[in-house]
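Colleague: Please read through the structure below; I'll follow up with questions.
What follows is calculated from the coordinates using simple rules that are stated; it is not laboratory data. All figures in this text were calculated on a predicted structure; none of them were measured in a lab. When we count neighbours, we look across all protein chains shown, and the Cβ atoms used for this are built from the backbone with ideal geometry, even at glycine.
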Amino acid sequence: MKRPRLLLTRKIPTPTYYVAALNGEFNDWAIDEEECLLYKGQWRKKVFKANKKATLDLELGTGTGTHFAHYAQNNPDHCVIGIERKYKPLIQTIRRAVNAGCTNARGVRYHADFISDIFAKEELDNVFIHFPDPWVKKRKAKNRLIQPEFLEELYEMQKSGAFLEFKTDDKNYYKEALARFKKSKYKMIDYTEDLHNSPWAVGNVITQFERIFLNQDIKINYVLMMKE
Ligand SMILES: C[S@@+](CC[C@H](N)C(=O)[O-])C[C@H]1O[C@@H](n2cnc3c(N)ncnc32)[C@H](O)[C@@H]1O
């Protein structure tokens, strides 16, 4: 089985503020790469103390958490998990949600490629993937998150009726991902190469990276899918 290459938090010899905050200041809101393995199939009950019908949404690669905190704040009856592999953005994400008064949000340090380690079949509702690392060099493209096997696994982890939302500034990644989405089991709802001149602009939350690209007049590619 493939394993994520993540240094264990407890083994980091000289923790920075952000490393220490994960199991310190933000212990109630952030979950490390070892603890999260204990909750597979039980996130609603064990982590959120929610009933088994509660909506459980996931954002992969939250960055500083602009969308994550906004979404959690505006959906107080949903349980919302954000996955980040880097400590600083993870803590920034969860701090933003806590400062917004959210009690329904948790940040998890894990590697997005391996989320089947931590979520069971049909455990998740909606999933957001906004501006994943584009790995622009050709020989590095294999590191992109959107791979056929990943989509198969993610599809199995979502409930029927749940959405998968994808945004990227990178045209090559968009084209590759769109072809993979179309070949996957997801039902395509819509896609556009110019989100901000489409009907999907209404209600769209501009993320930190999205703002950077918009300021450079780069068009945002958008895909919305559903598990039937
Ligand atoms: C380009 S940023 C986008 C951040 C945010 N979604 C936004 O739109 O502003 C990508 C983020 O994904 C995180 N990331 C990249 N690969 C990841 C992985 N395999 N697992 C978890 N997080 C990852 C990076 O640390 C970074 O914070």
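Colleague: Would you mind pulling out the separation of the Cα centroids of region 102-123 and region 1-51, in Å?
Modeller: Taking the Cα centre of region 1-51 as reference, the centre of region 102-123 is 10 Å away.
Colleague: Note down the net charge around residue 66, summing +1 for each Lys or Arg and -1 for each Asp or Glu among other residues with Cβ under 11 Å from its Cβ. Write down the numbers at each step before the final one.
Modeller: Values: positive: 96, 211; negative: 59, 210.
Charge balance in the 11 Å sphere: 0.
Colleague: Grab the eigenvalues of the alpha-carbon gyration tensor for region 76-142, scale each by 5, take roots, and send me the semi-axes largest first in whole angstrom.
Modeller: So the three semi-axes of region 76-142 are 24, 17, 10 Å.
Colleague: Another one. May I have the pair-distance distribution P(r) for region 1-94, computed from all Cα-Cα distances with 5 Å bins from 0 and rounded to whole percent?
Modeller: P(r) over region 1-94, rounded to whole percents: 2, 12, 22, 24, 21, 12, 5, 1, 0.
Colleague: Can you report the principal axis dimensions of region 18-226 using only the alpha carbons, biggest first, rounded to whole angstrom?
Modeller: Cα extents, longest axis first: 40, 36, 35 Å.
Colleague: Only residues of region 155-170 count here: report those whose backbone N is under 18 Å from the spot 7 Å along Cα→Cβ of residue 52, or say none.
Modeller: It comes to 157-160, nothing else.
Colleague: Right, another one. Show that you can apply the helix-only estimate: for the chain, add -39,500 (n - 2.57) for every DSSP H stretch of four or more residues, divide by all residues, and state [θ] at 222 nm to the nearest 500.
Modeller: About -7500 deg cm²/dmol.
Colleague: What does the charge count around residue 200 come to, taking other residues whose C-beta lies under 11 Å from its C-beta (Lys +1, Arg +1, Asp -1, Glu -1)?
Modeller: -2
Colleague: With each pseudo-label sitting 7 Å past Cα toward Cβ, what's the residue 122-residue 183 distance in nm, one decimal?
Modeller: 2.8 nm
Colleague: By count of other Cβ within 10 Å, fewest leading, how are 91, 189, 115, 206 ordered? Walk me through the intermediate numbers first.
Modeller: On the way: 91 26, 189 13, 115 23, 206 17.
Going from sparsest to densest Cβ surroundings: 189, 206, 115, 91.
Colleague: Related question: Compute the acute angle (0 to 90°) between the alpha-carbon long axis of helix 171-183 and the principal axis of greatest extent of the alpha-carbon atoms of the chain; round to the nearest 10°.
Modeller: Once rounded, the angle reads 90 degrees.
Colleague: Which listed residue (75, 27, 225) has the Cα farthest towards the positive end of the charge dipole for the chain, taking +1 on Lys and Arg C-beta and -1 on Asp and Glu C-beta about the Cα centre?
Modeller: 27
Colleague: As an exercise, use a Förster radius of 35 Å and the Cβ-Cβ distance of residue 88 and residue 193 to find the FRET efficiency, rounded to the nearest 0.05.
Modeller: Efficiency for this residue pair is about 0.65.
Colleague: Neighbouring Cβ atoms within 10 Å as the yardstick, rank 29, 135 fewest first. Present the calculation step by step, with values, prior to reporting the outcome.
Modeller: Values: 29 19, 135 16.
Final ranking by Cβ density, sparse to dense: 135, 29.
Colleague: Ranked by Cβ crowding within 10 angstrom, fewest neighbours first, how are 173, 155 ordered?
Modeller: 155, 173
Colleague: How fast does region 184-228 diffuse by Stokes-Einstein, in µm²/s, taking the Kirkwood radius from C-alpha pairs at 37 °C and 0.692 mPa s? Working shown, then result.
Modeller: On the way: Rh = 11.5 Å.
The diffusion coefficient I find is 285 µm²/s.
Colleague: Compute, for region 18-226, the length of the dipole vector about the Cα centre, with Cβ point charges of +1 (Lys, Arg) and -1 (Asp, Glu) only. Units Debye, rounded to 20.
Modeller: The dipole magnitude comes to about 300 debye.
Colleague: Nearest 5 percent is fine: what portion of the DSSP beta bridges confined to the chain is antiparallel?
Modeller: For the chain, the DSSP antiparallel bridge percentage is about 35.
Colleague: Ok, one more. Can you tell me the relative contact order of region 18-226? Whole percent, Cα pairs under 8 Å, sequence separation 6 or more. Provide the component values of the computation, followed by the final result.
Modeller: Values: 388 pairs, mean separation 40.5, N = 209.
Relative contact order, region 18-226: 19 percent.
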